[in-house]
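Before any comments, here is the structure.
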Amino acid sequence: MLSTTPELKFAGEASSGPDALKAMDSLKPDLVLMDVHMPLMDGPSTAKALLAKHPTTKIVAWTVSESSDDLLRMMRAGCSGYVLKDVGPGELQRALLSALRSESPVPRRMIPEVLRRVAESTPLSAEGKVNLTSREMQVLRGVAKGHTTKHLAKDLGLAAPSVETHLRNIFKKLGSSNRGEAVSSALKLGLITLADL
């Protein structure tokens, strides 16, 4: 499937976490597709070690696990996205390309449970009010629903680069590095609620 996707070029593979870390120096991929459960070193540990040495690499978890624990562990380790192995080739391809665009592909059906857990486990922060513009709030609500940049641009009547600018501003104001973190922070701060998901 990867070899027939014009935008992607298959660089190589590794059978374990330590092997993946060794292969990074010679392969230098822009994106790594990584399982959560692997021999010798699990996905979160491998992702952390890999990103410590290669911080610009995008990592997408590809797994059979629908556990919100696994998803949270991988995202906290720095993964850009999380894809289930039961998806078809087209959906996997879309997820990889969206990760390369600095989006955070996550199975839609897993988002409410994960965000609910994050919101319940972290108290609301009373420090430092975050002021988002009305347009930034529109973009944030769209992100919370899992909409892509293209979808948001069409819905809001904006050019895609404008949406990306709003996203960068949102990330900066919320101290987030990706969409998932931004939505989690917004939930904790009460900027959006579970009803917005």
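The values are calculated or read from the model by the stated rules, or taken from the named source; none is laboratory data. These numbers were taken from a predicted model, which means no experiment stands behind them. Glycine also receives a Cβ, built like all others from the backbone with ideal geometry; neighbour counts cover every protein chain displayed.
Points worth noting:
- Helices (runs of 4 or more DSSP H) contained in segment 96-197 and holding at least 3 residues modelled with pLDDT of 85 or more and surrounded by 14 or more Cβ atoms within 10 Å (Cβ to Cβ): 134-144, 149-156, 160-174
- Residues that are acidic (Asp, Glu) and surrounded by fewer than 15 Cβ atoms within 10 Å (Cβ to Cβ) within segment 7-47 comprise Glu7, Glu13, Asp25, Asp30, listed in sequence order.
- Qualifying residue in segment 71-94 (condition: in contact with a Cys (Cβ under 6 Å, 6 or more places away or on another chain) and surrounded by 15 or more Cβ atoms within 10 Å (Cβ to Cβ)): no
- Some residue of segment 54-69 being at positive phi and not basic (Lys, Arg): no
- Residue ID - modelled with the lowest pLDDT, chosen from residues in segment 44-68 that are assigned to a helix (DSSP H, G or I) and within 15 Å of the chain's Cα centre (by Cα): Ser68
- Residues located in segment 29-43, provided they are among the hydrophobic types (A, V, I, L, M, F, W, C), assigned to a loop (DSSP other than H, G, I, E, B) and closer than 20 Å to Val87 by Cβ: Val36, Met38
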